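First up is the structure itself, then whatever we jot down about it.
The values are calculated or read from the model by the stated rules, or taken from the named source; none is laboratory data. Just so you know, these numbers come straight off a predicted model, no measurement behind them. Note: ideal-geometry Cβ built from the backbone for every residue, glycine included; neighbour counts use all protein chains shown.
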Amino acid sequence: MRFRLVLLGAVATIAATIPAQSEHSKGWYVGIEGGANWVQDWQYKVLQSPSTTIEITFDSDTGWAGFATVGYGFENHWRFEFEAGYRSNKFTDVHVDIFDAGALAASADQNTYDLDLNEWTMMANALYDIDFGEKVSLSVGAGVGIDRTDLVVGPPRDDEWNFALQGVAGLNYSIGSGAALYLNYRYLEVTGVDIPEATAPGALIEHEDLRNHSVTFGLRYEL
């Protein structure tokens with residue numbers, strides 16, 4: 001929650017301190033981009049017995065991500081867009097800590113299975129563009145939406161939609177004729193993601209939100 005308040009506050013502060021320029025109007029546009037995606041270490045805690053707690057930490061490999069956007073830019077530097085995205089990662093390293101009556105009883109790394117993570121997102125974003133000359137601009141913004149998380153470990157799988165929130169920062173370069181190249185960074189946070197029971201047997205105590213970082217390169221074109 002603190003991340004969300006800081007993010008939205010930062011966007012509002014930037015928008016309030018930079019004067020609008022009417023020549024910045026963009027109208028309707030479409031964009032497509034692709035690049036790399038990383039998932040932060042993801043931790044679950046389960047109660048295996050009244051005195052035994054298992055703490056499981058999943059570590060992912062570098063995956064990939066792709067996004068398509070359609071939006072509208074206003075004269076006051078604001079842009080609003082709809083974004084459809086896909087992210088693919090694989091968890092290959094799993095660290096397990098076993099606590100008995102609150103004390104660490106065993107600790108080990110397990111590499112006996114692959115946990116595939118596929119995510120489809122639908123997000124509504126609000127962004128603010130800051131000009132640094134005629135061709136270069138910086139974009140900052142945030143988005144809300146839903147994330148369809150598909151987790152597969154062997155036959156068991158979990159497939160569900162969850163609430164998602166993201167922060168976006170990008171560097172844009174105009175190449176003329178209404179087209180621009182851009183480099184984007186996204187931080188995505190997804191709440192309420194579950195994993196297949198076979199991966200973490202026992203009664204769930206708590207788990208962290210799923211957090212993604214992606215860096216993508218794209219092309220935007222004004223219609």
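Do we have E33 as in a loop (DSSP other than H, G, I, E, B) and of a type outside the set (A, V, I, L, M) here? For E33, the condition - in a loop (DSSP other than H, G, I, E, B) and of a type outside the set (A, V, I, L, M) - is not met. Any chance you could count how many residues in the range 93-104 are hydrophobic (A, V, I, L, M, F, W, C) and exposed (fewer than 13 other Cβ atoms within 10 Å of the Cβ)? So the count comes out to 3.
Among K90, K135, which is closer than 23 Å to H213 by Cβ, free of Cβ contacts under 8 Å to residues at least 60 places away in the same chain and charged (D, E, K, R)? Explain how you work it out, then say what you get.
Details: K135 fails: closer than 23 Å to H213 by Cβ.
Result: K90 is the single residue among K90, K135 that is closer than 23 Å to H213 by Cβ, free of Cβ contacts under 8 Å to residues at least 60 places away in the same chain and charged (D, E, K, R).
Against the list (1) modelled with pLDDT of 95 or more; (2) touching a Lys or Arg at 6+ places or on another chain (Cβ under 6 Å), the condition I205 fails is (1). Does the range 17-33 hold any residues that are modelled with pLDDT of 50 or more and surrounded by fewer than 15 Cβ atoms within 10 Å (Cβ to Cβ), and which are they? Selection gives S25, G27, W28, V30, I32.
Of the residues G102, G141, the single one that is of a type outside the set (S, T, Y) and over 14 Å from H77 (Cα atoms) is G102.
Mind checking which strands (runs of 3 or more DSSP E) fall wholly inside the range 55-128 and carry at least 3 residues that are within 19 Å of D147 (Cα to Cα)?
Values: elements: 63-73, 78-100, 103-110.
Filter on the range 55-128 gives 63-73, 78-100.
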